[in-house]
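Only one structure is covered here, and it is reproduced in the block below.
The values are calculated or read from the model by the stated rules, or taken from the named source; none is laboratory data. Computed from a predicted model, the values in this text were never measured in an experiment. All Cβ positions, even for glycine, are placed from backbone atoms using ideal geometry, and neighbour counts span all protein chains on display. The accessibility values were calculated without ligands, DNA or RNA, using every heavy atom of the protein model including side chains. Shrake-Rupley method; radii C 1.70, N 1.55, O 1.52, S 1.80 Å.
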Amino acid sequence: AISASGTINLDTIPRAATISKATNFNDTGNPTITYSNPAGNSVSSLQAGIFLDGWTAVAGYRDISKTGTTYTFNLTDAERNAIRAATPNSNTLTLRFYVRTVLGGQTYLNYTTATVTIVDGNPTFTASYQDTNSAIVAVTGNDQLIVQTKSTLAVKVTNAAALKSASLTTATCVLNGTTYSGNISGNSYTFNIGALDISSNATATVTVADSRGNTTTKTLTIQMIAYFAPSAIITYARANNYYTPTTVNVDANYASVNGANSVTIKVRYKKTTVSTWSSYVTFQDNVSQVLQLDNEYAWDLQTVITDLYSTVTYNMVVSRGMPIVFFDRLKNSTGFNCFPLDEDS
């Protein structure tokens, strides 16, 4: 046994290194740790590494200065990708920063935590649209021109890619107050919008999201061409409101569709008492033609107006001839806008 009194200076017992701090960082940066190694060069080995837990490394152990107090990791591309792959569904991840000391044949571990943030990881894609109705495109000559109520609009997401180990999840399109959405499979998605009842240019807002909740949004200006079904003002008049020759005029109104549209006008007729129609007579727009409609009968008059997209039919009745004044010598009577029914009237 040893005994002593007074002040005695004991030998310093070497201790393992400790880590006091690790800086938060983003996936393109390099984190720094602050540590203390009281044993200095007495340690056999002093290393630092970054782990998901106690055993899964994302940046393996590397030697650090035995007499230093800070160390900055210069992460390799492989190490950065390992960190990104470890957090596919979140932009943040808590990591363990370890200092490993080998001293006197023993290994000691000490750690602290810090957060890595994934930056600049928003998905990429190309947005476009087209008219998929070949019959309409044949008229306009351009699948980028969308004809109101007639074209079949499709908005497309192509070349879509998630970045930094995320995966694509959904695509969304907002157009004309309606939201269209779907899950992305592969690198593309098509919104089949269909006919659009808008007369002026519209904006489509297209958004793609990834598994981390990152989004990228692009806007498309949809070039619209106003369209309405053809209509007409149709007039007819028997000569003197009585005779067989009947003048018919069809004044059509139809959409220009950037000058690509045109209209045809056909007229046919029959006595109201029969079922068989005449052959169609072709009319020019707002050019009067004379039809021979026997004034002793009333006639059905049918006008068919067709442009390159629609057909509209009008049905009218031409009354039998009725003179303004009719002198009935047999009845010794006079009729005004009618035929006299009574004698001496």
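Computed quantities for the displayed model
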| read-out | value |
| --- | --- |
| Residue among V274, V267 that alone is β-branched (V, I, T) and either surrounded by fewer than 16 Cβ atoms within 10 Å (Cβ to Cβ) or without any contact (Cβ under 8 Å) to a residue 24 or more places away in the chain (or both) | V274 |
| Cβ pairs under 7 Å, 6+ apart, first in region 174-192 and more than 19 Å from D131 (Cα to Cα), second open to solvent by 80 Å² or more (accessible area, probe 1.4 Å) | N187/N159 |
| Close pairs (6 angstrom Cβ cut-off, 6 or more residues apart or separate chains): within 17 Å of R100 (Cβ to Cβ) in region 61-78, in a loop (DSSP other than H, G, I, E, B) and not β-branched (V, I, T) anywhere | K66/N37; F73/N30; F73/P31 |
| Hits in region 171-182 - residues which are open to solvent by 50 Å² or more (accessible area, probe 1.4 Å) and touching a strand residue (DSSP E or B) at 6+ places or on another chain (Cβ under 8 Å) | V174, N176, T179, Y180, S181 |
| Verdict on S278 being at negative phi, part of a loop (DSSP other than H, G, I, E, B) and at pLDDT 95 or above | yes |
| Restricting region 194-207 to residues that are assigned to a strand (DSSP E or B) and of a type in the set (V, I, T), the residue that is nearest to A260 (Cα to Cα) | T203 |
| Strands (runs of 3 or more DSSP E) wholly inside region 85-148 that include at least 2 residues being open to solvent by 40 Å² or more (accessible area, probe 1.4 Å) and more than 22 Å from I33 (Cβ to Cβ) | 124-131 |
| Selected residue (only one of S256, S199 is of a type in the set (S, T, N, Q) and either touching a residue at least 24 places away in the same chain (Cβ under 8 Å) or surrounded by 18 or more Cβ atoms within 10 Å (Cβ to Cβ) (or both)) | S199 |
| Sole exception among (1) part of a loop (DSSP other than H, G, I, E, B); (2) modelled with pLDDT of 95 or more; (3) of a type in the set (A, V, I, L, M) for M322, by number | (2) |
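Conditions (1) within 30 Å of T87 (Cα to Cα); (2) part of a strand (DSSP E or B); (3) open to solvent by 60 Å² or more (accessible area, probe 1.4 Å), marked per residue:
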site: A209; (1), (2), (3): yes, yes, no
site: G213; (1), (2), (3): yes, no, no
site: T217; (1), (2), (3): yes, yes, yes
site: Q223; (1), (2), (3): no, yes, yes
site: T246; (1), (2), (3): no, yes, no
site: N249; (1), (2), (3): no, yes, no
site: A252; (1), (2), (3): no, yes, no
